[in-house]
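Student: I have a structure here, written as C-alpha cells, and I will follow up with some questions on it.
The values are calculated or read from the model by the stated rules, or taken from the named source; none is laboratory data. From a predicted model like this one, the values you see are computed outputs, not experimental measurements. Here the Cβ positions follow ideal geometry from the backbone for every residue, glycine too, while neighbour counts run over all protein chains shown.
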Amino acid sequence: MAEKSSKKNIFQKIGQVFKEVRQELKKSVWPSKEKLKATSAVVLAVILFFAVFLSFISIGGRWALDKANFYDEVEPTATEAPVTAVTEPAVVETVAAETEAASETEEVVESEAAEETTAESEG
C-alpha cells in the first residue's frame, strides 16, 4: 500500500511539469524592449531583402529563358510522333456540326413547349 501513495495521478504529473516550466522561465534572461525592437527590425529587414533578392532572381531567370527561346514550341523530329492540334479543320468542323445540331434541337423543343403553352391557355 505504500507504493500506491507514492504514485502520482495524471493531474499531479501535469501540475509538476507546469511548475518546472515556470521555474525554468524565471531563470531565463529576457531582452529589454529596445533590444527586442532592434532585433525584430533586423529580422524584418533581412526577410525583406531576401524577398526582393529572390524576386529578382526569378524575374531574371524568366527573362534569360525567354531570351533563349526556352518556351517556344519545338517542331517534332522524325522519331517523335506528330502532335495533333485541336484546331485541325476536321475537328473544328465536327465540333461546329455538333453545336449546330444541339442548338437546332433546343429550338425545336422550345417551339413545341411554346405551342403546348399556347394550346393550354386557349383551351
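Student: Which ones in segment 23-58 are within 38 Å of the chain's Cα centre (by Cα) and among the hydroxyl-bearing types (Ser, Thr, Tyr)?
Tutor: Hits for segment 23-58 are 39, 40, 55, 58.
Student: Quick test of your reading of the structure: residue 79 fulfils all but one of (1) hydroxyl-bearing (Ser, Thr, Tyr); (2) at pLDDT 70 or above; (3) exposed (fewer than 10 other Cβ atoms within 10 Å of the Cβ); (4) not in a loop (DSSP other than H, G, I, E, B). Name the failing condition by number.
Tutor: Tallying (1) hydroxyl-bearing (Ser, Thr, Tyr); (2) at pLDDT 70 or above; (3) exposed (fewer than 10 other Cβ atoms within 10 Å of the Cβ); (4) not in a loop (DSSP other than H, G, I, E, B), residue 79 fails exactly one: (4).
Student: Between 96, 64, which is small (Gly, Ala, Ser), modelled with pLDDT under 70 and assigned to a helix (DSSP H, G or I)? Steps first, answer last, please.
Tutor: On the way: 64 fails: modelled with pLDDT under 70.
Answer to the selection: 96.
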